[in-house]
1. Of Pro399, Phe374, Thr385, which is farthest along the charge dipole of segment 368-409 in the positive direction, counting Lys and Arg as +1 and Asp and Glu as -1 at C-beta?
2. Is the shape of segment 425-472 rounded, prolate or oblate, going by the alpha carbon gyration tensor and its root eigenvalues a ≥ b ≥ c, with a/c under 1.5 for rounded and a/b larger than b/c for prolate?
3. Stokes-Einstein diffusion coefficient for the chain at 10 °C in a medium of 1.306 mPa s, Rh from the Kirkwood formula over Cα pairs: what value in µm²/s?
4. Using a simple charge model, +1 on the beta-carbon of Lys and Arg, -1 on the beta-carbon of Asp and Glu, nothing else, what dipole does segment 123-247 show about its Cα centre, in debye to the nearest 20?
5. What FRET efficiency do you get for Ser206 and Asn148 if R0 is 41 Å and r is their Cβ-Cβ distance, rounded to the nearest 0.05?
6. PRE reach from His49 (point 7 Å along Cα→Cβ): which of segment 294-319 fall under 14 Å by backbone N?
7. Please list the non-local residues whose amide H lies under 5 Å from the amide H of Tyr182, H modeled 1.01 Å from N, same-chain partners needing a gap of 5 or more.
8. For helix 83-95, what angle does its Cα long axis make with the longest principal axis of the chain, in degrees from 0 to 90 and rounded to 10?
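No value in this document is a laboratory result; all are computed from the given coordinates. Here the structure is a predicted model, which means the values were calculated and not measured. Note that each Cβ is placed from the backbone with ideal geometry, even for glycine, and that neighbours are counted across all protein chains shown.
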Amino acid sequence: MAPKALDYDSLNENVKKVQYAVRGELYLRASELQKEGKKIIFTNVGNPHALGQRPLTFPRQVVALCQAPFLLDDPNVGLMFPADAIAKAKHYLSLTSGGLGAYSDSRGIPGVREEVAEFIERRDGYPSDPELIFLTDGASKGVMQILNCVIRGEGDGVLVPVPQYPLYSATISLFGGSLVPYFLEETANWGLDIQDLRQSVVQARSRGITVRAMVIINPGNPTGQCLSEANLREILRFCYQENLVLFGDEVYQQNIYQDQRPFVSSKKVLMEMGLPFSKEVQLVSFHSVSKGYWGECGQRGGYFEMTNIPPKSVDEIYKIASVSLSPNVPAQIFMGLMVNPLKPGDISYEQFIRESKGIIESLRRRARLMTDGFNSCRNVVCNFTEGAMYSFPQIRLPPKAIEAAKKAGKVPDVFYCLRLLEATGISTVPGSGFGQKEGVFHLRTTILPAEEDMPGIMDSFKKFNDEFMEKYEDHRGYSRM
Ligand SMILES: Cc1ncc(COP(=O)(O)O)c(C=O)c1O
């Protein structure tokens with residue numbers, strides 16, 4: 001009998017090509033060990049609540065009331081919920097067409113999109129049009145929607161940073177496009193060199209690829225760097241010259257752990273550049289409720305804003321969004337709450353500020369603890385996590401370790417991370433899952449474990465690493481920095 005469509009051999013080859021290391025071999029082994037009763041510290045995904053971060057009180061109160069609107073009719077509601085949460089819940093319910101159980105417009109609730117536009121205007125100082133803002137189920141869905149519109153076939157290339165967050169490589173594979181890598185420079189604090197970028201485009205063209213888009217992740221995942229305004233300007237000028245649409249992945253914009261380079265959006269820099277750039281460069285910017293001090297990954301709230309995208313294309317994107325009917329409505333309310341937060345004088349304001357500041361300040365301390373911890377280890381070098389949620393140390397593996405990995409049939413950094421997992425229960429992602437230069441090895445860990453657990457985790461990492469290096473070091477040099 002002919003193979004059925006869902007038999008493995010007849011599946012869409014693009015699906016089989018997708019690789020997704022964040023939930024790959026390491027994650028599977030960690031899950032097995034957990035089932036066997038071993039304590040696992042899951043630092044493989046930027047999933048703050050899974051590592052104990054408590055949700056902010058106010059947004060949960062509002063969404064709880066939206067989910068259970070009959071509570072609003074209860075005479076005792078004021079004993080359970082503060083007046084500002086009650087008022088906000090009423091506000092959001094009034095924006096829906098039938099509460100949380102009803103589909104919304106496929107682009108998202110108009111009132112929430114207006115709140116997003118107001119947020120962007122306050123943040124950047126330039127107008128934002130709610131008609132060009134679509135709410136999505138997490139930033140991921142938005143990225144997928146737009147990549148789907150850009151990629152017409154394998155001759156279409158998308159410039160993606162290496163190391164990169166595998167959403168991009170996976171989605172480009174899935175849609176049958178070509179990933180065109182550009183390398184971030186570790187010795188320059190994961191900066192981006194425009195000459196290298198040009199080189200990547202030239203090389204791709206020589207292979208017959210039309211480069212159509214470029215992705216930047218700012219602040220970076222897994223690399224944690226914050227792009228300077230000057231760098232953003234160079235990138236936007238490059239996109240103008242090369243006629244590329246820029247994907248500005250800005251989901252970590254609240255996660256900043258240094259003061260020299262505060263977050264600046266690609267949109268703001270583009271507007272500041274003036275003509276012709278501000279009217280010519282096509283930009284799609286993404287944001288999410290999953291990160292920052294919200295960390296509401298499970299709620300799946302995101303948005304994208306389109307700049308300089310012609311109305312007919314926006315209509316097509318709307319049409320594609322309509323195929324899924326509507327983004328999750330509770331997620332849209334989380335997004336509204338994130339972009340339109342409490343103001344001084346609101347009853348819940350002090351508590352909100354205490355909670356959100358507490359989270360960000362602790363993350364800043366944890367970023368420091370982790371970087372310093374890694375840098376105190378033998379054969380480990382690590383750039384400071386300026387932003388986002390990850391530490392991405394380079395592990396300088398001795399040749400004997402690389403040989404042992406080969407013998408075990410493993411990529412060297414996978415070998416190291418598996419050993420680390422078995423010895424300590426720390427579940428990381430090998431650098432090869434994000435891409436790295438040939439012969440250089442990394443691992444990625446989040447900075448999310450509880451602050452009080454951090455010294456213990458770093459001690460056990462150090463102990464493991466010392467023993468590993470002791471076992472394999474033979475003074476024949478290292479994988480290169
Ligand atoms: C760079 C980057 N973009 C997008 C996402 C996805 O975010 P969301 O949960 O909103 O889909 C993540 C999640 O870790 C990420 O790191």
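1. About the Cα centre, the residue reaching furthest to the positive side is Pro399.
2. Working: a/c = 3.20, a/b = 1.28, b/c = 2.51.
Because a/c hits 1.5 or more and a/b fails to exceed b/c, segment 425-472 counts as oblate.
3. Values: Rh = 23.8 Å.
In µm²/s, the coefficient rounds to 67.
4. Working: 9 positive and 13 negative charges, 60 e Å.
So the magnitude is around 300 debye.
5. On the way: r = 27 Å, r/R0 = 0.65.
Calculated value: 0.95.
6. 294-302
7. Val160, Val162
8. 80 degrees
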